[in-house]
Every structure is written in structure tokens, then in C-alpha cells.
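Below you'll find the structure, written out as C-alpha cells, and then a few comments.
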Amino acid sequence: MSDNFLKRDTFSSKFGVIAAAAGSAVGLGNIWRFPLVTTQNGGGAFLLLYVGFILFIGIPVMLSEFSIGRRAQSNAFGSFKKLAPGTPWYMVGFLGIITAFVILAFYSTVAGWTLEYLIQAVTGTLFQSENMEQNFADFSSHPYRPVLWQLVFMVLTAVVVFAGIKKGIEKITKILMPILVVLIIFVVVRSVTLDGAKEGVKYLFVPDWSAVNFKTVLMALGQAAFSLSIGMGTLITYGSYIRKRNNLLKTSTQVALADTSIAILSSLMVVPAIFAFSTGSIGDISPGPGLVFEVLPNVFKSMPGGVIFSIIFFFLLCVAALTSTISVLEVVVAYMKEELKLSRGKATLVASVSISVIGVFATLSFGVLGNFTILGQTIFGLLNYASANIMLTFGALLIVIFVGWSLGKSNFMDEISNKGIIISSFHKTVFFIIRYIAPIAIGIIAVAALFIEGLTG
Ligand code: TRP
């Protein structure tokens, strides 16, 4: 008998849920993407907007996703079909499956780079390089090395997902997440105690409002959605594995808190170190996808104990990436397993191979496909921008509209209160945000940014 007919797998403990969901949330989005978009969009002002979005939009959307999944006991697509039969809402689930392809395609490019850099750091070749910009350019434009690492990363991801929820995802995130936290703190202490680090800390926390426009606001919202893993059904899928006695609002708040703390710690790890070792201002550093792979290795090279810190740093990146890629792949695998009736093994194989095919194009857009642009962006750039700022933003918008107006208050309250057992004065407030505030806020930002500032970054 295929495992489709057995009882649905679940997370086995509260800590397991937090580890898995925080593992999904904490990723390259925190360590690689966050310092990148923060430095591109005015530092402190961006950070404030970001934290505001996490609190007022991120947590309500996360709670919405958890409730949809746990109530329906199904994948991102099937959940909408179950909760709103005969309506087109399943299209939102479908958008989520497509978004998973888009995100994992470019994400696995960067995840592959982290493996290469971990190996370079361990073998010492990283510091033999005279010029880190050149080192990154040579590697990322190489015709097959980055592709190989990307595929290795996809295999690692597939192995965990294939092992299932309890024995794969929960088990690995329970081990890796605590390690990640300890290591980040270790590197932050080093970074902020460097001579000259103060300027970087200032840059991060003193807001410069002149750098803010609609696009900045959209980028902050997009980054918040990307970082919390909301807007595409990852947390609907994970929600369907959460047991009925878990407190969903508490879980959402804890996951958001963990993710935001790690985003802030990551920027404290990256930005002050960059300031300490670069002459001039942040404006002289060209922030690009390579920020973490060009500027930081230089920093490590000039830092006492840099070898150790570079190994830890790239190991951190790999771990953070892996606990996130598994959550994106699981969205597609759960869909294929439940809707297309494939076994977990076949679903994992089909999903990871098809995503890898798109991913290879993203990776090659740093080399042989570098001149191929759409709307002025490379394939990688387009997938990166479109997923976070357009697809996730619209996904989050549709999810809150669904919960606020289709699932409705009594179903939602029933789900988050565990059938009336948990009483909290926040429940009503959160529903009000989901029904009115979040859709209006996300709607205005998305529309204004797209129409006033243009489609692409
Ligand atoms: N949140 C992860 C990060 O910050 C990436 C990620 C995992 C994600 N699952 C997602 C982003 C779902 C959006 C949607 O790196």
C-alpha cells in the first residue's frame, strides 16, 4: 500500500514545530539577502519598516497560513480546495506551487555557492586568492562548477524531504537550528568588537528617511514575507503537520521573533565587519548578490582568526539554506503526493529534478547566460525580484483575503483557539488585522510600488 493511505505524518513536539518553521524562516534570506537589501535601501529606516511589517503583517499572515493548513489537513493546493470547494481559491494554492519553483530555482544557486565557499574556506584556497571580487566572478561565471554545487545542494535537500516530516525535516532542524544560533552569536561578538565596527552599527540603527520611497517600502514588505517564508503556502503545508493541541498564535509569534532576531544578528555579523575593514562609506561598496562572497571574505582575510570565522560563517550559510530549501521543496512534494497521488519518493524525485532544470538557468545567468536579460534583469535577478516582491506579496494578500472573507471569523477563531480551549484577547485583534488592515496595507504598497516605481528593481 502506498503511504498516501496511511495517517498523515505530523511534527512530534512543540520544539519540533518551532525548529522546522524557524528553520524555514531563517535562511539565506536573513544572512545573504537581508544585509543586501538593507544596504541598498538606506539602512536603519529600512530596518524599522521591516520590523513593523513583521509585527503587523507577517505574524497575521503566518497565523493565517498555519490555520488554513491545520484546518484542512492538506497541502497548499488541496487546502483551498477543501476549505472553499467549488470556488477558484485553489488558484492561490497553485500560485504557491509555482512560486516554490521560482524561489528554489534561484535560491539553490546561492546555496550552491555557499558549499563552494565552505570548501574554499576549509581547504584554505579562499585566502590564497589575491582579489576576492575576481575569485567570486571567476567561480560564479564558471561554466559548470556552480551548477555542480547547486545540484549537490538539491540532492541534500531531496534526501531530507524524502525521509519525511518526523524523520527528515523535524529531526534535522532540531539538530541544526540550535547550532546555528550559537555560531551566529559567536561571529556577531567578533564582528561588533572590531575596531571601526561602530560606524556599521550606527548605519544599521540610525534611520535615514531620505532613502525611503514606495519601492523601499515594497522591498521591506517583500523581504519580510521572504524571510518569514509566508505568501506561498510553505506554512500552510507545515501547518498541516502541526498537531491540534499546539497554540498557533504562540507558535507564529515565537517563529517571527526567532527569525527577526536572527535577521538583526546577521546584519550585525555582516555590516559592522564590512565597515571596520573598508575605507570610506557603505556607498563605496557595490552591493550585489556577491556582497557576502566578496566583501566578507576580504574582511575575514584581514581579521585575526579569520580562517576559523570564515569556516564557521560559510557553514552557517549552508545550514541556514538547507533548513529553508527543504521547506520549499516540501510544498511541491506534498502537492504532488496528495494531488497527483505519487509516492513520496517519486514526488521528491520529480519535484527536485524539475526545479533543478530551471535552477541551472539561474546559475548560468552569472556566466554564459549573463547577456540574456528580461526587463533589464538577468534570469537570476528576475526570479529573485519577482518572487519576493511580486509573487509573495500577492500571495500574502490573497491569503489574508481568503481567511478574512472566505474562511471567515468563526472558522478561524475555532482553529486558533483549538475549539475554544485557548482564550486570548489578541485573537479578535489579529482577525481584525487579517480582515481589514493587512489587505489594505499590502494592496496599497503593492499597487503603488508597481505603478509608481515600475515593475523591476
Ligand atoms: N525564509 C527563507 C529565508 O529567509 C526562504 C524561504 C523558505 C521562503 N521558504 C520560503 C521564502 C517560502 C518564501 C516562501 O531564506
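Summary table below
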| read-out | value |
| --- | --- |
| For the chain: accessible area per residue (Å², 1.4 Å) | 38 Å² |
| Descending principal axes extents, segment 6-99, alpha-carbon based, whole Å | 48, 34, 23 |
| Taking segment 3-448 and dividing mean pair separation by its residue count, relative contact order in percent (alpha carbons under 8 Å, at least six apart) | 34 percent |
| Residue pairs, from the table LYS171/LYS215; LYS171/LYS250; LYS14/LYS337; LYS346/LYS409, whose Cα atoms sit over 30 Å apart | LYS171/LYS215; LYS346/LYS409 |
| Per-residue HN-Hα couplings for segment 350-364 [Karplus 6.51, -1.76, 1.60; θ = phi - 60°; Hz; x = Gly/Pro] | 4, 5, 6, 5, 5, 5, 4, 4, 5, x, 4, 5, 4, 5, 5 |
| Ordering of 368-376, 194-202 by burial proxy (mean other Cβ atoms within 10 Å per residue, highest first) | 194-202, 368-376 |
| Taking segment 36-166 and dividing mean pair separation by its residue count, relative contact order in percent (alpha carbons under 8 Å, at least six apart) | 16 percent |
| The chain: angle of helix 214-228 to the longest principal axis, Cα-based, in degrees nearest 10 | 70 degrees |
| Mean separation of Cα contacts under 8 Å (6+ apart) over length of segment 276-384, as relative contact order % | 11 percent |
| Simple Cβ-charge dipole of the chain, Lys/Arg +1 and Asp/Glu -1, about Cα centre, in debye nearest 20 | 1940 debye |
| Within segment 344-457: Cβ-based charge dipole about Cα centre, in debye rounded to nearest 20 (Lys, Arg +1; Asp, Glu -1) | 340 debye |
| Mean projection area, nm², convex hull over Cα of segment 67-220 | 14.6 nm² |
| Furthest towards positive pole of dipole, PRO60, THR260, SER229, structure part the chain, Cβ charges | PRO60 |
| Centroid-to-centroid separation of segment 43-57 and segment 65-118 [C-alpha atoms, Å] | 24 Å |
| In order through segment 10-17: 3J(HN,Hα) via Karplus (6.51 cos²θ - 1.76 cosθ + 1.60), integer Hz, x for Gly, Pro | 9, 6, 9, 8, 4, 4, x, 5 |
| Percent accessible area from carbon and sulfur atoms, segment 129-244, protein chains only, probe 1.4 Å | 69 percent |
| Value of Rg/Rh across the chain [Cα atoms, Kirkwood radius] | 0.95 |
| Sites SER424 and GLU130 - FRET efficiency at Förster radius 41 Å, r taken between beta-carbons, to 0.05 | 0.10 |
| Packing-based ranking, highest mean first, of 75-82, 148-155, 54-61, 405-412 given that Cβ atoms within 10 Å are counted | 75-82, 54-61, 148-155, 405-412 |
| Over the chain: helical MRE at 222 nm, DSSP H runs n ≥ 4 each giving -39500 (n - 2.57), nearest 500 | -22000 deg cm²/dmol |
| Ranked packing of 310-321, 227-238, most packed first, by mean Cβ within 10 Å | 227-238, 310-321 |
| Compactness of segment 388-457 - radius of gyration and Dmax, Cα, Å | 14.8, 48 |
| Reciprocal of mean inverse Cα separation for segment 149-248 (Kirkwood radius, Å) | 17.8 Å |
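The values are calculated or read from the model by the stated rules, or taken from the named source; none is laboratory data. Not measured: the values here are computed from a predicted model. Note: ideal-geometry Cβ built from the backbone for every residue, glycine included; neighbour counts use all protein chains shown. Just the protein is used for accessible areas: all its heavy atoms, side chains included, with ligands, DNA and RNA removed. Shrake-Rupley method; radii C 1.70, N 1.55, O 1.52, S 1.80 Å.
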